[in-house]
1. Any residue in the stretch 96-103 that is in contact with a Gly (Cβ under 6 Å, 6 or more places away or on another chain), free of Cβ contacts under 8 Å to residues at least 60 places away in the same chain, open to solvent by 50 Å² or more (accessible area, probe 1.4 Å) and closer than 19 Å to H13 by Cβ?
2. Assess whether T304 counts as being surrounded by fewer than 17 Cβ atoms within 10 Å (Cβ to Cβ) and of a type in the set (S, T, Y).
3. Which residues, counting only those in the stretch 465-506, are open to solvent by 10 Å² or more (accessible area, probe 1.4 Å), in a strand (DSSP E or B) and out of contact with any Ser or Thr (no Cβ under 9 Å at 6 or more places or on another chain)?
4. Would you confirm whether or not the stretch 171-183 contains a residue that is under 27 Å from Q258 (Cα atoms), at pLDDT 95 or above, of a type in the set (V, I, T) and part of a loop (DSSP other than H, G, I, E, B)?
5. Can you list the strands (runs of 3 or more DSSP E) found entirely within the stretch 205-312 that contain at least 1 residues being among the aromatic types (F, W, Y) and touching a strand residue (DSSP E or B) at 6+ places or on another chain (Cβ under 9 Å)?
6. Listed residues Y147, Y141; which is open to solvent by less than 20 Å² (accessible area, probe 1.4 Å), in contact with a helix residue (DSSP H, G or I) (Cβ under 8 Å, 6 or more places away or on another chain), closer than 16 Å to G226 by Cβ and modelled with pLDDT of 95 or more?
7. Do you know which of the residues in the stretch 79-92 that are in contact with a strand residue (DSSP E or B) (Cβ under 9 Å, 6 or more places away or on another chain) and open to solvent by 10 Å² or more (accessible area, probe 1.4 Å) is nearest to L497 (Cα to Cα)?
Amino acid sequence: MSMAEVRSLWLRHANKAVTSPVVAQLAGQLPAWLHGSLYRNGSGIKEVGPDRYNHLFDGLACVHKFHIDGPAGRVTYQNRFLDSDHYRANMAANRIEASEFGTLGRQDLCRSLFGRLMSIYQDMRGPDRSMSDNCAVNVGYFGSHLYAMTETNRIWKLNDDDLAAEKQVDLSKVVSVDMATAHPHVTADGTIYNIGSSFSGGKRPSVNFIEFPANASPGCSVAESGRIVGSLPHRWPLEPSYFHSFGITENYFVFVQQPLVIQVKKIPLLKLKKKPFIDAIAAKPEQETWIRLVNKRTGEVHPTTFTADTFYAFHHVNSFEQDGNVVMDICGVLPGKQNVMEKVSVRCLVTDQEEPEDPMLRFVLPLHVKPGDPNRNQVTLEGSPATAHVRGDGTVHCAPQTLTPSEYRSVDLPRINYAFNGKPYRFAYACRFVGAGLNSERLLKLDVASGQVATWSDPCWSPSEPVFVAAPGADAEDAGLLLASLLHVEDPRRASLLVLDATNMGELARAEVRTDATLAKDFHGLFAASGATVHAY
């Protein structure tokens with residue numbers, strides 16, 4: 001049976017945690033310099049008592065850890081369910097009590113009409129404090145502390161030894177945001193940048209760009225020391241664009257205003273109609289996608305609005321400045337029969353939905369537009385097939401270069417050598433997805449200059465997002481390792497740590513664990529090297 005025919009592995013339910021480290025059986029040899037932990041996070045618990053979640057984004061968070069001791073040739077595995085407010089409420093009731101993105105909890109289903117009306121009134125007075133703290137998307141460091149993150153205003157500080165939840169931070173009490181991404185950027189000195197959407201509190205709805213300093217304010221953690229360094233008005237004030245990530249260059253934040261919107265006016269009515277949050281998200285396929293640039297230092301919005309034929313996106317690959325252009329590489333999602341959010345609903349993952357069409361795209365955005373001939377290509381990047389043309393309304397319409405070969409129809413979960421984040425680079429690493437279940441079938445290395453692809457696959461195993469780890473003293477961009485977690489296609493109790501040579505995608509080692517628990521797939525994570533002070537996202 002091919003991976004495309006396998007029932008979606010994304011729907012595997014984690015039936016219990018593996019809190020005590022399990023020693024893995026090692027095949028191959030770990031590099032002696034590899035010492036640290038690969039942390040992963042994802043949607044683990046898919047059902048509680050008689051109830052089952054409706055959307056992949058809803059499952060309760062499970063944080064995973066492979067601790068790697070290269071000098072000793074030893075790997076251990078453990079995981080833990082995030083002890084969030086929503087987790088505790090659900091476990092106490094033995095049912096889905098708290099609402100998530102695509103699933104309405106029993107507390108909202110059973111609330112009286114009067115209670116729902118009072119909840120609407122409270123929502124109109126300010127930010128919705130009932131936003132989920134089920135931080136199941138990513139993990140990352142703010143200073144020396146590890147946090148689990150999602151796309152609301154809440155993050156959870158974790159103990160990086162045993163993965164226990166220690167403290168919840170409400171970002172809306174730090175800066176003016178109601179929702180924030182789980183994909184921050186970190187610079188070499190430890191400064192962290194993120195973006196969040198603000199659409200309440202009486203101020204003009206906007207996307208706010210946040211800076212968290214490397215050193216925390218007195219009495220605060222780094223995560224509690226953020227400040228707004230720039231803002232961008234929402235394209236549609238009462239329908240802010242959904243976003244999952246953003247790009248960053250030496251001088252700019254790169255933000256995609258896609259025609260996938262949150263219909264803010266609908267949110268209070270959802271509770272009255274007993275509908276989940278996802279019902280407030282709508283696609284506008286007749287609208288173009290916009291790309292905007294915001295100066296990192298001044299907060300000024302670049303005067304040019306860049307447009308493109310409609311595409312959607314979850315993950316930026318990398319962005320950089322070259323020859324008077326900003327180059328933006330992104331995993332695009334092309335319009336199809338299903339709404340981009342519906343494609344990862346449980347209903348679609350178990351039915352015969354259309355084969356995905358999600359190529360990696362390169363847009364080239366000219367920083368200094370010369371008005372005049374609309375037929376003149378404004379792109380000044382040598383050798384680039386991407387184009388940009390000025391239109392009568394002053395916008396610049398951009399046509400991208402497709403970076404992935406045609407046989408790789410759906411590519412996502414991209415990573416790079418993070419030392420090249422925001423800089424010209426050559427190699428991207430990602431997963432290829434196949435079938436209606438969107439199973440990750442192989443890992444690939446893409447040379448964005450030549451288009452050449454090298455891959456790794458094993459029909460018995462499904463890989464996670466690959467994480468690049470640079471070799472000590474490496475000069476070449478791809479001199480290092482790729483780390484990924486693997487789930488066994490048939491046996492849900494087996495998982496592995498995969499170690500590849502990033503130069504040729506050859507397998508160096510695999511550390512397999514067999515547990516008495518069912519293991520679920522993860523979304524994102526990072527490698528934290530022992531002794532390092534700054535950890536790349």
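The values are calculated or read from the model by the stated rules, or taken from the named source; none is laboratory data. These numbers come from a predicted model, not from an experiment. A quick note on method: Cβ atoms are made from the backbone with ideal geometry, for glycine too, and the neighbour counts reach across all protein chains shown. The accessibility values were calculated without ligands, DNA or RNA, using every heavy atom of the protein model including side chains. Shrake-Rupley method; radii C 1.70, N 1.55, O 1.52, S 1.80 Å.
1. So the first thing to find is which residues in the stretch 96-103 are in contact with a Gly (Cβ under 6 Å, 6 or more places away or on another chain), and the list is 96-99.
Next cut, free of Cβ contacts under 8 Å to residues at least 60 places away in the same chain only: 96-98.
From the residues that got through so far, the ones that are open to solvent by 50 Å² or more (accessible area, probe 1.4 Å) too are none.
No: zero hits.
2. Values: surrounded by fewer than 17 Cβ atoms within 10 Å (Cβ to Cβ): no; of a type in the set (S, T, Y): yes.
It is false that T304 is surrounded by fewer than 17 Cβ atoms within 10 Å (Cβ to Cβ) and of a type in the set (S, T, Y).
3. F468, V469, A470, D501, G506
4. So far as the stretch 171-183 goes, yes, one or more of its residues are under 27 Å from Q258 (Cα atoms), at pLDDT 95 or above, of a type in the set (V, I, T) and part of a loop (DSSP other than H, G, I, E, B).
5. Numbers: elements: 206-212, 227-233, 252-257, 260-262, 281-283, 289-295, 306-308.
Where strands (runs of 3 or more DSSP E) fall fully within the stretch 205-312 and carry at least 1 residues being among the aromatic types (F, W, Y) and touching a strand residue (DSSP E or B) at 6+ places or on another chain (Cβ under 9 Å), they are 206-212, 252-257, 289-295, 306-308.
6. Numbers: Y141 fails: in contact with a helix residue (DSSP H, G or I) (Cβ under 8 Å, 6 or more places away or on another chain).
Result: Y147 is the single residue among Y147, Y141 that is open to solvent by less than 20 Å² (accessible area, probe 1.4 Å), in contact with a helix residue (DSSP H, G or I) (Cβ under 8 Å, 6 or more places away or on another chain), closer than 16 Å to G226 by Cβ and modelled with pLDDT of 95 or more.
7. So in the stretch 79-92, the residues in contact with a strand residue (DSSP E or B) (Cβ under 9 Å, 6 or more places away or on another chain) come out as 79-87, 90-91.
Going one step further and asking which of them are open to solvent by 10 Å² or more (accessible area, probe 1.4 Å), we end up with 80-81, 83, 85-87, 91.
Values: R80: 17, F81: 20, D83: 25, D85: 31, H86: 30, Y87: 27, M91: 30 Å.
This residue is R80.
Residue-wise test of (1) open to solvent by 60 Å² or more (accessible area, probe 1.4 Å); (2) of a type in the set (S, T, N, Q); (3) part of a loop (DSSP other than H, G, I, E, B).
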| site | (1), (2), (3) |
| --- | --- |
| N339 | no, yes, yes |
| K343 | no, no, no |
| Y408 | no, no, yes |
| L413 | no, no, no |
| A436 | no, no, yes |
